[in-house]
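The values are calculated or read from the model by the stated rules, or taken from the named source; none is laboratory data. For clarity, every value in this text was computed on a predicted model and none was experimentally measured. Positions of Cβ are generated from backbone atoms using ideal geometry, with glycine treated the same way; all protein chains shown enter the neighbour counts.
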Amino acid sequence: MLNIVIFGAPGSGKGTQSDRLISKYGLHHISTGEVLRDHIARGTELGKIADSYISKGQLIPDDLMIRVLEHVLDSDPENTSKGVIFDGFPRTIDQAKALKKMLASRGSKVHAVVGLEVPEDELIRRMINRGKETGRADDNLDTIKNRLSVYHSQTSPLREYYISEGKYHGIDGAGDVDEIFSRIKESLHSRVPGLDGDSSK
Ligand code: AP5
Ligand code: MG
């Protein structure tokens, strides 16, 4: 069982690289952003609350977000017990502490944190493009600026947190998608014991 946190600023490629990690290591993907967007699309009570934060580029409060994640883990124990890619969670130190507890109570832990490091002008370019192509509601310049500022103030301190736990794999997240994935595999295979598979695949 392998639990990976994929970490990085908005637009850094967390979702894109998660897809590749899933097919290589057979992991279950939990993107908290996708969970919330699904609730918004279905018009649930959680969706209404989430929309009021996401549309401003703010984080959903920790206590609510932690309960949502716990519910997602409990609703599919068969798949989540095989190993998970956590995409977009944790986003605060309190969420990281809660994740540690949640996994410990299930006899597990975070094995590695993959941090995608991408220059800010490239992040903005990617999100503006996606906004034009898909109409994702929070991909407009004002909201993007708020998302980046929230990332710097509330989420980026997690980098130091996971460095101090010896789990952080900083990856150059700019350039070709497949090349970035190769960098991730190399880093994981060199430092995470017991990883199945060949890093050349
Ligand atoms: P979330 O959905 O997690 O969004 P995000 O962190 O802002 O990140 P994105 O999904 O925009 O980007 P990504 O890093 O996944 O990159 P992607 O692969 O898509 O969260 C949305 C909101 O939900 C938050 O703002 C918050 O309100 C709320 N929320 C979620 N989790 C929360 C939590 N834990 N606590 C509180 N609130 C929470 O790539 C981006 C684009 O670039 C794509 O178009 C992609 O095709 C393209 N791209 C990817 N890689 C490359 C490359 N190498 N070169 C060129 N283009 C590329
Ligand atoms: Mg994403």
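Pairs linking a residue in the range 64-91 that is more than 9 Å from ligand 1 (Cβ to nearest atom) to a residue that is small (Gly, Ala, Ser) and at pLDDT 95 or above, with Cβ atoms under 7 Å and 6 or more positions apart or on different chains, are Ile85/Ser18. For the range 1-22, taking the residues that are at pLDDT below 95 and either more than 22 Å from Asp172 (Cβ to Cβ) or assigned to a strand (DSSP E or B) (or both), the one that is nearest to the chain's Cα centre (by Cα) is identified as Leu2.
The C-beta contact set for the range 9-32 (first residue over 23 Å from Pro119 (Cα atoms) and within 8 Å of ligand 1 (Cβ to nearest atom), second residue assigned to a loop (DSSP other than H, G, I, E, B) and not basic (Lys, Arg), distance under 6 angstrom, 6+ apart or interchain) comprises Thr32/Gly88; Thr32/Phe89. Of the residues making up the range 54-63, not one is more than 15 Å from Gly88 (Cα to Cα) and within 16 Å of ligand 2 (Cβ to nearest atom).
Every residue, every condition in (1) within 21 Å of Arg106 (Cα to Cα); (2) loosely packed, with under 14 Cβ neighbours inside 10 Å; (3) of a type in the set (A, V, I, L, M, F, W, C), yes or no:
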{"site": "Ile30", "(1), (2), (3)": "yes, no, yes"}
{"site": "Ile40", "(1), (2), (3)": "no, no, yes"}
{"site": "Tyr53", "(1), (2), (3)": "no, no, no"}
{"site": "Val68", "(1), (2), (3)": "yes, no, yes"}
{"site": "His71", "(1), (2), (3)": "yes, yes, no"}
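Within the range 189-201, residues that are closer than 15 Å to Glu179 by Cα have Cβ atoms under 7 Å from residues that are at pLDDT 50 or above and part of a helix (DSSP H, G or I) in these pairs: Ser199/Lys185; Ser199/Glu186; Ser199/His189; Lys201/Lys24, counting only partners at least 6 apart in sequence or on another chain. Yes or no: Gly57 on the phi > 0 side of the Ramachandran plot, over 14 Å from the mean Cα position of the chain (by Cα) and surrounded by 14 or more Cβ atoms within 10 Å (Cβ to Cβ)? Judged against the criteria, Gly57 is a match.
Could you tell me whether Lys48 is more than 15 Å from ligand 2 (Cβ to nearest atom), not in a helix (DSSP H, G or I) and not β-branched (Val, Ile, Thr)? No; evaluated as a whole, the condition is false for this residue.
Checking each residue in the range 145-169 for being out of contact with any Lys or Arg (no Cβ under 8 Å at 6 or more places or on another chain) and either in a strand (DSSP E or B) or under 21 Å from Val84 (Cα atoms) (or both) picks out Arg159, Tyr161, Tyr162, Ile163, Glu165, Gly166, Lys167. Scanning the range 133-173 for residues that are hydroxyl-bearing (Ser, Thr, Tyr) and under 20 Å from Asp121 (Cβ atoms) gives Thr143, Ser149, Tyr151, Ser153, Thr155, Ser156. The criterion of at least 1 residues that are modelled with pLDDT of 95 or more and farther than 28 Å from Glu179 by Cα is met, among helices (runs of 4 or more DSSP H) falling completely within the range 69-144, by 93-104. Does Leu59 count as within 11 Å of ligand 1 (Cβ to nearest atom) and more than 21 Å from Ser105 (Cα to Cα)? Criteria met by Leu59. Inside the range 170-188, residues that are without any contact (Cβ under 8 Å) to a residue 12 or more places away in the chain and not in a helix (DSSP H, G or I) make up a count of 2. State whether one or more residues within the range 26-44 are near ligand 2 (Cβ under 10 Å from one of its atoms), in contact with an Asp or Glu (Cβ under 9 Å, 6 or more places away or on another chain) and not in a helix (DSSP H, G or I). Looking through the range 26-44, at least one residue is near ligand 2 (Cβ under 10 Å from one of its atoms), in contact with an Asp or Glu (Cβ under 9 Å, 6 or more places away or on another chain) and not in a helix (DSSP H, G or I).
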